[in-house]
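Scroll down for the structure; my scribbles are underneath it.
Read the figures in this text as sums done on the coordinates, not as results from a lab. Given the structure is predicted, the values throughout are model-derived calculations rather than measurements. Glycine gets a Cβ as well: all are built from the backbone with ideal geometry, and neighbour counts include every protein chain shown.
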Amino acid sequence: MKFIVFDTETTNSIDDPIVYDLGFAVVDEQGKVYEKHSYVVADIFLDKELMSVAYFADKREQYWKEIKEGKRQLRRFKTIKHIFRDVCKQYNISIIVAHNARFDYNSLNLTQRWLTSSKWRYFFPYGIEFWDTLKMSREVMKNNKQYSEFCHENGFITKNGQKQFTAEVLYRFLTNDVDFVESHTGLEDVLIEKEILTYCLKTKPEIDGALWKRD
């Protein structure tokens, strides 16, 4: 079975996120990568006013450098949408995965509506199921003594005294690298999140990763 794992980087606000970077990869249950894509959204990235309030606005020079090197592609949002849907069709994708998937799902749909004045409202193909590795990792790790010790020993605890389940902290645990720092660029974060997906599937093959409850 193959999945698409995706990640967005956004500007504007947490409540109304607009996407300027979309990364995604086609992976299987063992974590093998079949295709990977990294797109900078021209409609947003070239808007200086919008990008001035991006949380990682200081990465703009890095993005330009990597676009020139061919590491990322600068494309219009509607082109990226068509490519994404073509890849879904090519690999017969029925499940799309992200960490804190609700945010990324909402950000791409919001960008679609903002750019088209709501003429087109949905970025994703109809009928796709969404899985959330944040939800999955909480389920898999809730009784994991090693993860609890790892978080407490290294201070990866929330203000409420709970274990953190960010992709960065989970990847630190999986690699035993407490100094690892997440890139906060789409494709690079996807390659972290697919490792979390693989770990969850290996640990609990019957896990229900669905973001929303099935009818």
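Stretch Gln90-Ala57 to full length: gain in nm at 0.36 nm per residue minus the Cα-Cα span?
8.5 nm
What full-extension length gain, to one decimal in nm, is calculated for Lys204 and Asn144 as 0.36 nm per residue of separation minus the Cα-Cα distance? Could you put the intermediate results ahead of the total?
Numbers: separation 60, 0.36 × 60 = 21.60 nm, distance 1.23 nm.
Here the segment from Lys204 to Asn144 would lengthen by 20.4 nm.
Projecting each Cα onto the charge dipole of the range 2-203 (Lys/Arg +1, Asp/Glu -1 at the beta carbon, about the Cα centre), which of Tyr147, Ala57, Ala42 comes out farthest on the positive side?
Value: Ala42.
Mind listing the Cα extents of the chain along all three principal axes, in Å, largest one first?
Largest to smallest, the principal-axis extents are 48, 38, 32 Å.
Could you point to the residue in Asn176, Ser117, Ile128 farthest towards the positive end of the range 98-215's charge dipole, with +1 and -1 charges on the Cβ of Lys/Arg and Asp/Glu respectively?
Going by the charge dipole, the pick is Ser117.
For each pair in Lys78/Lys135; Lys59/Lys135; Lys59/Lys159; Lys71/Lys135; Lys68/Lys194; Lys78/Lys119, compute the distance between the two Cα atoms and list the pairs where it is over 24 Å.
Those over the limit are Lys78/Lys135; Lys59/Lys135; Lys59/Lys159; Lys71/Lys135; Lys68/Lys194.
Over the Cα atoms of the range 55-133, how large are the radius of gyration and the largest Cα-Cα distance (Dmax), in Å?
14.4, 38
Using a Förster distance of 25 angstrom, determine the FRET efficiency expected from the C-beta separation of Asn160 and Glu29, and round it to 0.05. Please report the intermediate quantities before stating the final value.
Numbers: r = 33 Å, r/R0 = 1.34.
Here the calculated transfer efficiency is 0.15.
What lysines could a cross-link reach from Lys65, if we take a straight Cα to Cα line under 18 Å and drop same-chain neighbours fewer than 8 places away?
Answer for Lys65, where 18 Å is the Cα cut-off: Lys48, listed by chain and number.
Sort Lys2, Lys81, Lys142 by Cβ crowding within 10 Å, fewest neighbours at the top.
Values: Lys2 16, Lys81 22, Lys142 11.
By the 10 Å Cβ count, ascending: Lys142, Lys2, Lys81.
For the chain, what is the mean residue ellipticity at 222 nm derived from helices alone (per DSSP H run of n ≥ 4: -39500 (n - 2.57); sum divided by total residues; nearest 500 deg cm²/dmol)?
-13000 deg cm²/dmol
Charges only on Cβ, +1 for Lys and Arg, -1 for Asp and Glu: so what's the dipole of the range 1-105 about the Cα centre, in debye to the nearest 20? The partial results should precede the final answer.
Values: 17 positive and 17 negative charges, 92 e Å.
It works out to roughly 440 debye.
Report the relative contact order of the chain, percent, no decimals, based on alpha-carbon pairs under 8 angstrom and at least 6 residues apart.
Once divided by the residue count of the chain, the mean separation gives 25 percent.
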